Amino acid sequence: MKGQTFNSERGAILVIALIFVCVLAIAGSMAYQMTASELMIAKNFDSSKEALYSANAGLEEARAALGLPSTNPPGTPPYGNAIYDPATDTSSPPYPNPNWTAYILATSPWVTGDDSGYHYADTSYIPNSSSQTNTSITTNSLQSDLEYWVKIRHKTEYDAEQQGHTTSNPLYDDDDGVTTGGHDPTNRGSVIAYGYPDGVLTAQAFTPSGETSYRPVDIIIAYGIGENSKTTIQTEVAHDPGPPILAALYAEATSYSGVEGDAVTYKIDINGEDQCTAGECPFCGNADKSDIYVYPADADPLLDDEDYNPGPYPGGSLPTIELGDNNINVNQGITLLRVWEDSSTPSGCYNTDYKICSSASNVTITDQNGTGILLVQGNLTLEGGSAVETSWKGLILVTGELTLNGGGGGSSGGLKIEGAVLVNGEVWINAANEGPVTIYYNSCAIDAALNSIPMKTLSWEDLSITE
């Protein structure tokens, strides 16, 4: 029909509606994918955290297992859940085995193929409470809720060479002269130990040559397992060896004398002969020390030779006094050792069971037995037992003056210290009309006390970042 016009909007609305539906579908799909991606990212993040936490749990279990039970000196059973290189129990001197490896398994099943660093020359022990040389693959972890496994081995010259050790860039004191390329996984060279070479108070790594009182640097590799991820962490740890011990009794004199004594009735016996039998204590030197060491050299100890009874020495004569320039800074020693303590009050200094106790003020301990490390930033007085001998086993460090009294108990009482005593000031020993006072050097007691200090972390690396 001529002049007729069509004006319907129904088709346009349908097109717009379809376009709108498509836009909504696309937006919904994108929102779903973004949500799913965020959920996956969150899930992976949680899984990676789980793996990281599991690996750290493995590291901490290994650090704890590398320390022998605090109530027993090293080398003394039972070992419980401790892990150690059994070669140190059988070798003389107790040199560690460079190929010693031990595993802590919280993950089952597990096969040696899971360890990319496995080598046939390694011992591959899986210690348990009854055997340090067990090789059967069984879970031996104290943890059952997390998934991880841990490999422990000594750091050797080969490891140091892989880290860049050369003659021009030494990472330890190289005793055998073999450097870059001189070792391999079959011949790892010597174990790297951690101590005080040449009397230097600053700890450093070195290869021992005739010195066995320092413990190895250990490498811990922990593999944590999450739901969708894995994490590998490697750390190097070592026992802090504590200050070098030069004598049964060390005193840094503040005036004309370092040690004074009075033993009219009962004897004063200071003996630097090691009471620990050779081979009884892994990493103990078993070398006799001087009886008394006084610094500086012009501060001679004044023990009245008419009253002094030196025990195994000829009656009335003084033991040999070794003097020199190896000054021990007791204050610095306390700073090094005061990394963990039972209490900051004197009451925490009794029966410490091979743990550290300390006090920042003057302390008097009367008729109390104790074991461990006694740190006093002030003056210390130890009183012997009135009827039964009072004893302290371990290491005593005092920044001020030290007074040792027999306790008035006669021959049945007195005071006995097994280990070593280091004093930043003068020492007064009173056995006259009281009771005997004895100080015996004992490397087993010293080592057991120092073993209570948590292992020192030398390095920490997340290998997953570089894998």
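Observations on the structure shown:
- Sequence ranges 106-115, 138-147, ranked by mean other-Cβ count within 10 angstrom, highest first: 138-147, 106-115
- Per-residue Karplus couplings for region 122-130, computed as 6.51 cos²θ - 1.76 cosθ + 1.60 with θ equal to phi - 60°, are listed in order as 7, 6, 6, 7, 10, x, 9, 5, 10 Hz, Gly and Pro entered as x.
- When peptides 397-404, 214-221, 123-130 are sorted by average Cβ neighbour count within 10 Å, with the highest value leading, the order is 214-221, 397-404, 123-130.
- With R₀ set to 30 Å, the beta-carbon distance separating M30 from N228 gives a calculated FRET efficiency near 0.80.
- N134/W460 FRET efficiency (R0 35 Å; Cβ-Cβ; nearest 0.05): 0.75
No value in this document is a laboratory result; all are computed from the given coordinates. As the structure is a computational prediction, the values presented were derived from the model and not from experiment. Note that each Cβ is placed from the backbone with ideal geometry, even for glycine, and that neighbours are counted across all protein chains shown.
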